[in-house]
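Some notes on the structure that comes next.
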Amino acid sequence: MYSSNLIGFILAVVSGAFIGSSFIIKKKGLQRAGLNGTPASVGGYGYLLQPLWWIGMITMIVGEIANFVAYIYAPAVLVTPLGALSIIVSAVLAHFMLGEKLQKMGMLGCLLCIVGSTEIVLHAPQERSLSSVLEIWLLAVQPAFLLYIASAMALSFFLIFYCAPRYGQTNIFVYIGICSIIGSLTVMSVKAIGIAIKLTLDGSNQFVYFQTWIFIVVGVSCIITNLNYLNMALDTFNTTVVSPIYYALFTSFTILASAIMFKDYSGQSISSIASELCGFITVLSGTTVLHCTRLPDPPVSTDVYSPLSPKVSWYFQPGNGEPWKQKEEDGPPLNLITITQQDHFK
């Protein structure tokens, strides 16, 4: 069983490396596109013609595929927290390739992520051996997980239909809460789909069961909903704030859902569970420190008529017969003054 965990760990690390690299490669492509046309931040689409941006997209797709396969071989409580590795990769590459200086506290954040990830891997639970989608279906319809699904859907509907219209633009936890709760159900569905594909490739066709198609429908619906509200969160709030909060909530809900559905912690000792939770808290702390120390991108000015520093020109004659010379000095902003001529009557 631990060999399957090792495969999942390797795939999760590869996924983090590819996804973290894709952020930097795509940003380089966006920068090149901005030099030759309208930047993407103000509505430009020139980056679609940049080969470097497409290389970044392909890199990200490869990373997501590796992450998808990792869920087949290892429990979600192992794979999901390792997503913080992509943050480390992007921060280090940004330091060398984009000139975004990695502060000393940022280095400490990277170190905390590595230490926490190592602790999670060393105390990760064993992956259950499943031979059919029907077994996964039985896990999905057990009373405890049905209660989780009902609670998650009720909370999601409350956030979507009541909180989002009223507080979505001012409270960051509304959109991210929706993404995190729905995201936990997404991971459970994706894991079931991945196992179905693996078993089918091994010769046992799992797509003859309607349960497999239910997992697919649920997975696609959750992914669309998740991406929609994640984009709304990124469009409304600062990325440096969204990323650590989303990572914390999404990982927490995913670990909870996986623990209920797959009983990941069944048979583990209290010390192992406590060590893994400590590892997760360490990774969370490192992620928060890393994001808080990153400098935000400078704002892009979209005003064509940028204000210029006014200059005052003086014409003077040195007094030694030389021609008049001009001298320029910086001055305060000029005010338009209307001068009217008045007749003075005695």
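The values are calculated or read from the model by the stated rules, or taken from the named source; none is laboratory data. From a predicted model like this one, the values you see are computed outputs, not experimental measurements. We place every Cβ from the backbone using ideal geometry, glycine too, and count neighbours over all the protein chains shown. For accessibility, only protein heavy atoms count, side chains too; no ligands or nucleic acids. Shrake-Rupley method; radii C 1.70, N 1.55, O 1.52, S 1.80 Å.
For LEU230, are the conditions met, namely being closer than 24 Å to VAL174 by Cα, touching a Phe, Trp or Tyr at 6+ places or on another chain (Cβ under 8 Å) and of a type outside the set (Val, Ile, Thr)?
Yes.
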Exercise. Search region 276-306 for residues being modelled with pLDDT under 85, part of a helix (DSSP H, G or I) and open to solvent by 40 Å² or more (accessible area, probe 1.4 Å), and hand back the single one that is nearest to ILE87 (Cα to Cα).
Key: THR288
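Pick from SER180, SER184, SER131, SER156: which is closer than 30 Å to TYR209 by Cβ and more than 26 Å from the chain's Cα centre (by Cα)?
Only one candidate qualifies: SER131.
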Quiz item: Only one residue in GLU64, GLU100 is acidic (Asp, Glu) and over 23 Å from ALA124 (Cα atoms), so which one is that?
Solution: GLU100
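Let me confirm something: among ILE149, ILE172, which residue is open to solvent by 30 Å² or more (accessible area, probe 1.4 Å) and either free of Cβ contacts under 8 Å to residues at least 12 places away in the same chain or closer than 18 Å to PHE253 by Cβ (or both)? Explain how you work it out, then say what you get.
Working: ILE172 fails: open to solvent by 30 Å² or more (accessible area, probe 1.4 Å).
Being open to solvent by 30 Å² or more (accessible area, probe 1.4 Å) and either free of Cβ contacts under 8 Å to residues at least 12 places away in the same chain or closer than 18 Å to PHE253 by Cβ (or both) holds for just one of ILE149, ILE172, which is ILE149.
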Quiz item: Residues in region 21-41: is at least one hydrophobic (A, V, I, L, M, F, W, C), surrounded by fewer than 22 Cβ atoms within 10 Å (Cβ to Cβ) and modelled with pLDDT of 90 or more?
Solution: no
Practice problem: Quick one: in region 224-249, of everything that is β-branched (Val, Ile, Thr) and farther than 21 Å from CYS113 by Cβ, which residue is surrounded by the most Cβ atoms within 10 Å (Cβ to Cβ)? | Solution: THR225
Practice problem: Tell me, please, whether a residue that is outside any helix (DSSP H, G or I), crowded, with 18+ Cβ neighbours inside 10 Å and touching an Asp or Glu at 6+ places or on another chain (Cβ under 7 Å) can be found in region 125-141. | Solution: yes
Self-check item: Complete set of residues in region 198-213 that are touching a residue at least 40 places away in the same chain (Cβ under 8 Å) and either touching a Phe, Trp or Tyr at 6+ places or on another chain (Cβ under 7 Å) or not charged (D, E, K, R) (or both)
Solution: LEU199, SER204, GLN206, TYR209, GLN211, THR212
Quiz item: Would you pick out the residues in region 44-70 that are among the β-branched types (Val, Ile, Thr) and open to solvent by 40 Å² or more (accessible area, probe 1.4 Å)?
Solution: ILE55, ILE58, ILE61, VAL62, ILE65, VAL69
Practice problem: Enumerate the helices (runs of 4 or more DSSP H) found wholly within region 1-113, keeping only those where 3 or more residues are in contact with a Lys or Arg (Cβ under 7 Å, 6 or more places away or on another chain). | Solution: 51-73
Quiz item: Which residues, counting only those in region 94-116, are within 18 Å of the chain's Cα centre (by Cα) and either at pLDDT 85 or above or within 26 Å of CYS278 (Cα to Cα) (or both)?
Solution: GLY106, GLY109, CYS110, CYS113
